[in-house]
Amino acid sequence: SGGEEGSGVTSLVLSIGAWTSAGQNLQEAPLYHQLESCPGILNSEDEEIFSNEEHEYASKKRKKDHFRNDTNTQCFYRENWIYVHKESTRERHGYCTLGEAFNRLDFSSAIQDIRRFNYVVRLLQLIAKSQLTSLSGVAQKNYFNILDKIVQKVLGDHQNPRLIKDLLQDLSSTLCILIRGVGKSVLVGNINIWICRLETVLRWQQQLQNLQMTEQVDSGLTLSDLPVHMLSNILYRLSDGWDIVTLGQVTPTLSALSEDRQLWKKLCQYHFGEKQFCRHLILSEKGHVEWKLMYFALQKHYPTKEQYGDTLHFCRHCSILFWKDCRLALLLEDSGHPCTAADPDSCFTPVSPQHFIDLFKY
């Protein structure tokens, strides 16, 4: 009934304490607006619950828990390869979990590599959507530690802000659901830690929202100075429709090139199949196929192909997951891990972000 639902919300609010700092109005807290968008969490009657004493006590306790959580010793590894064992053997006991793999593999250095950055971001996004609660406490610390480095990198170099905004949006939605459902799911750590994590994510979102791209003054050759055919070739090498739209906003010439019907046709044919075209065919008044509109319509219903400059690899012979350094492989014939196969390259399989998660589903 309505009364029982209201009492349930009230008990939930009381159980996790006030989300605001001492002396602040509830509506002024950024967390309030995030939770307000989640139905059934806060209403005007619930605001009366938060007295000044509760504000002060909950705020101090939350900050204390969060400080303790951040300052504890964190044992993170930076390994280029790990053995993925899925069952106990005479030589090895136990099995490798997603959290263990995430802790041991060197993701901190990977985000500094332009070839691997998108790969790591996509992996973090998939974990945020469905695997966050399956991580151990140490793995969760490592997750938010790496995420903090990614956000600071984007704020510093202004590259790939759209990818990070999408990641933070998915993460904030997951955290909001977890906080709403406290007691229904098992959360590692104090609830105050999770609330602080949500507040941190909201702060990052605000910082990215306020990010201003600084115009670089350069007397040398610029993108506008390139011939039209070279600009067209650049657009044809982009596999993401949003990148084409964004690049088309730079100059009038690029804007015209980005509307090329053949460009969007090639993009649709790369990502989708003929059967999918037939289900979502969009024609103009003159009977021509609207390839650009079709691309974004198909994108809502079907996954697009993912492209990465570099990925993790899995050796089927050794059951080892590893980062393969292409430069060392060429110079020193280094396979990236101690492989015992006669022909190591034939045993290697690129690991997509989703495949990485699937490796640890038992």
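The values are calculated or read from the model by the stated rules, or taken from the named source; none is laboratory data. The structure displayed is predicted, hence computed values, not measured ones. A quick note on method: Cβ atoms are made from the backbone with ideal geometry, for glycine too, and the neighbour counts reach across all protein chains shown. When the accessible area is computed, the model is the full protein with side chains, heavy atoms only, and any ligands, DNA or RNA have been set aside. Shrake-Rupley method; radii C 1.70, N 1.55, O 1.52, S 1.80 Å.
Among the residues of the range 94-123, what is the count of those that are of a type in the set (Phe, Trp, Tyr) and either farther than 25 Å from Pro161 by Cβ or surrounded by fewer than 20 Cβ atoms within 10 Å (Cβ to Cβ) (or both)?
Of the range 94-123, the ones of a type in the set (Phe, Trp, Tyr) are 95, 102, 107, 117, 119.
Adding the requirement that they be either farther than 25 Å from Pro161 by Cβ or surrounded by fewer than 20 Cβ atoms within 10 Å (Cβ to Cβ) (or both) leaves 95.
The qualifying residues number 1.
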What number of residues in the range 232-279 are surrounded by 14 or more Cβ atoms within 10 Å (Cβ to Cβ), in a loop (DSSP other than H, G, I, E, B) and charged (D, E, K, R)? 2
Scanning for something open to solvent by 70 Å² or more (accessible area, probe 1.4 Å), in contact (Cβ under 8 Å) with a residue 24 or more places away in the chain and within 23 Å of Val121 (Cα to Cα), does the range 344-352 turn up at least one residue? yes
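So, of the residues in the range 280-305 that are free of Cβ contacts under 8 Å to residues at least 24 places away in the same chain and open to solvent by less than 60 Å² (accessible area, probe 1.4 Å), which turns out to be farthest from Pro353 (Cα to Cα)?
Step one: list which residues in the range 280-305 are free of Cβ contacts under 8 Å to residues at least 24 places away in the same chain, which gives 280-287, 290, 293, 297, 300, 303.
Checking which are open to solvent by less than 60 Å² (accessible area, probe 1.4 Å) leaves us with 280, 282, 284, 287, 297.
On the way: His280: 28, Ile282: 32, Ser284: 37, Gly287: 40, Ala297: 24 Å.
Top of the filtered list is Gly287.
Go over the candidates Val121, Val201 one by one and state the one that is closer than 30 Å to Gly241 by Cα, among the aliphatic types (A, V, I, L, M) and either in contact (Cβ under 8 Å) with a residue 40 or more places away in the chain or not in a helix (DSSP H, G or I) (or both).
Numbers: Val201 fails: either in contact (Cβ under 8 Å) with a residue 40 or more places away in the chain or not in a helix (DSSP H, G or I) (or both).
Within the list Val121, Val201, the selection yields Val121.
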Tally the residues that are surrounded by fewer than 16 Cβ atoms within 10 Å (Cβ to Cβ) and among the aliphatic types (A, V, I, L, M), restricting the search to the range 166-187. 3
Residues of the range 265-287 satisfying the condition of being of a type in the set (Ser, Thr, Tyr) and in contact with a Lys or Arg (Cβ under 9 Å, 6 or more places away or on another chain): Tyr270
Please name all residue pairs, on different chains or six or more residues apart, with Cβ atoms under 7 Å, provided the first residue is in the range 159-178 and is touching a residue at least 12 places away in the same chain (Cβ under 8 Å) and the second residue is of a type in the set (S, T, N, Q) and buried (at least 18 other Cβ atoms within 10 Å of the Cβ). Leu163/Asn118; Asp166/Gln125; Leu167/Gln125; Leu168/Gln205; Asp170/Gln125; Ser172/Gln34; Ser172/Gln205; Cys176/Gln34
Restricting to the range 195-231, and then to whatever is hydrophobic (A, V, I, L, M, F, W, C) and more than 21 Å from the chain's Cα centre (by Cα), can you tell me which residue is surrounded by the fewest Cβ atoms within 10 Å (Cβ to Cβ)? Val217
Taking Ile127 as meeting all but one of (1) farther than 25 Å from Cys315 by Cβ; (2) at pLDDT 90 or above; (3) of a type outside the set (Phe, Trp, Tyr), write down the number of the exception. (1)
